[in-house]
1. Determine whether S24 is at pLDDT below 90, among the hydroxyl-bearing types (S, T, Y) and surrounded by 12 or more Cβ atoms within 10 Å (Cβ to Cβ).
2. Only one of (1) of a type in the set (A, V, I, L, M); (2) in a helix (DSSP H, G or I); (3) surrounded by fewer than 16 Cβ atoms within 10 Å (Cβ to Cβ) fails for L130. Which number is that?
3. Looking at the stretch 56-91, which of its residues are assigned to a helix (DSSP H, G or I), among the hydrophobic types (A, V, I, L, M, F, W, C) and farther than 16 Å from I165 by Cα?
4. So is K111 on the phi < 0 side of the Ramachandran plot, among the basic types (K, R), touching a helix residue (DSSP H, G or I) at 6+ places or on another chain (Cβ under 7 Å) and modelled with pLDDT of 90 or more or not?
5. Tell me the residue from I119, I154 that is closer than 30 Å to E42 by Cα, among the β-branched types (V, I, T) and in a helix (DSSP H, G or I), please.
6. Between L140, L118, L81, which is of a type outside the set (V, I, T), buried (at least 19 other Cβ atoms within 10 Å of the Cβ) and closer than 20 Å to L159 by Cα?
7. Which condition number in (1) open to solvent by 60 Å² or more (accessible area, probe 1.4 Å); (2) not in a loop (DSSP other than H, G, I, E, B) is the one that N94 fails?
8. If T149 satisfies all but one of (1) free of Cβ contacts under 8 Å to residues at least 40 places away in the same chain; (2) closer than 23 Å to N45 by Cβ; (3) within 15 Å of the chain's Cα centre (by Cα); (4) not in a loop (DSSP other than H, G, I, E, B), what's the number of the condition it fails?
Amino acid sequence: MGVVASPVTSELVANTTIEVDVESYVEAWPTETETDLDQSHESENEARRQQLQYLQEVLPHTLMIPTEKTEAEIDQMMAELEQHRTLQQRIDDNSATLDERFEYVELHRRKLEEEKELIQLCENEAANSLASAAEQNAQLCTHMAESATERLRIIEDLLLELDDILLAAELN
């Protein structure tokens, strides 16, 4: 009985990151004065800044939080992306060694677990937020929590696919 290792699809790569434009979540009410809008906008920006700072403090090792990155963090992200792409290509063309397959799975699993941890933290943060509706709407966690159930299901499916890659690699 043989097991055939399927090539990892590019969907695995596409579903690894969270891309959220936190700047696009600004609510403006037409009945408010310009001063009220300025104060409201400042309050929303402060709430957004505080939440991102909190996320960074709780998850200091993740680069998935959409904040300005240092040169070193950018270099690390680019190196991981290149490593992932190279390993993905070697797996796709069936030239990857067993160690490279393990390395790919470990790298990909780590990123999925980081995303999962961030989503779960955001779900908790959004559920327990005391911020105003406008401030909540401006926050990353509110939007992540809205799609958390579906995204967590996808992550679990991807983790199972990674387990299949490991099993197939071990059996070959």
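1. Details: at pLDDT below 90: yes; among the hydroxyl-bearing types (S, T, Y): yes; surrounded by 12 or more Cβ atoms within 10 Å (Cβ to Cβ): no.
So S24 does not fit the description; no.
2. With (1) of a type in the set (A, V, I, L, M); (2) in a helix (DSSP H, G or I); (3) surrounded by fewer than 16 Cβ atoms within 10 Å (Cβ to Cβ) applied to L130, the lone miss is (2).
3. The initial filter retains those residues of the stretch 56-91 that are assigned to a helix (DSSP H, G or I), namely 56-58, 71-91.
The next check asks that each one be among the hydrophobic types (A, V, I, L, M, F, W, C); those that pass are 58, 72, 74, 77-79, 81, 87, 91.
Scanning the stretch 56-91 gives V58, A72, I74, M77, M78, A79, L81.
4. Details: on the phi < 0 side of the Ramachandran plot: yes; among the basic types (K, R): yes; touching a helix residue (DSSP H, G or I) at 6+ places or on another chain (Cβ under 7 Å): no; modelled with pLDDT of 90 or more: yes.
For K111, the condition - on the phi < 0 side of the Ramachandran plot, among the basic types (K, R), touching a helix residue (DSSP H, G or I) at 6+ places or on another chain (Cβ under 7 Å) and modelled with pLDDT of 90 or more - is not met.
5. On the way: I154 fails: closer than 30 Å to E42 by Cα.
The match here is I119.
6. Numbers: L140 fails: closer than 20 Å to L159 by Cα; L81 fails: buried (at least 19 other Cβ atoms within 10 Å of the Cβ).
Sole residue among the options that is of a type outside the set (V, I, T), buried (at least 19 other Cβ atoms within 10 Å of the Cβ) and closer than 20 Å to L159 by Cα: L118.
7. (2)
8. So the condition that T149 fails would be (2).
The values are calculated or read from the model by the stated rules, or taken from the named source; none is laboratory data. These figures come from a predicted structure and were not determined experimentally. All Cβ positions, glycine included, derive from the backbone under ideal geometry; neighbour counts span all protein chains shown. We work out accessible area using only protein heavy atoms, side chains counted, and drop any ligands, DNA or RNA first. Shrake-Rupley method; radii C 1.70, N 1.55, O 1.52, S 1.80 Å.
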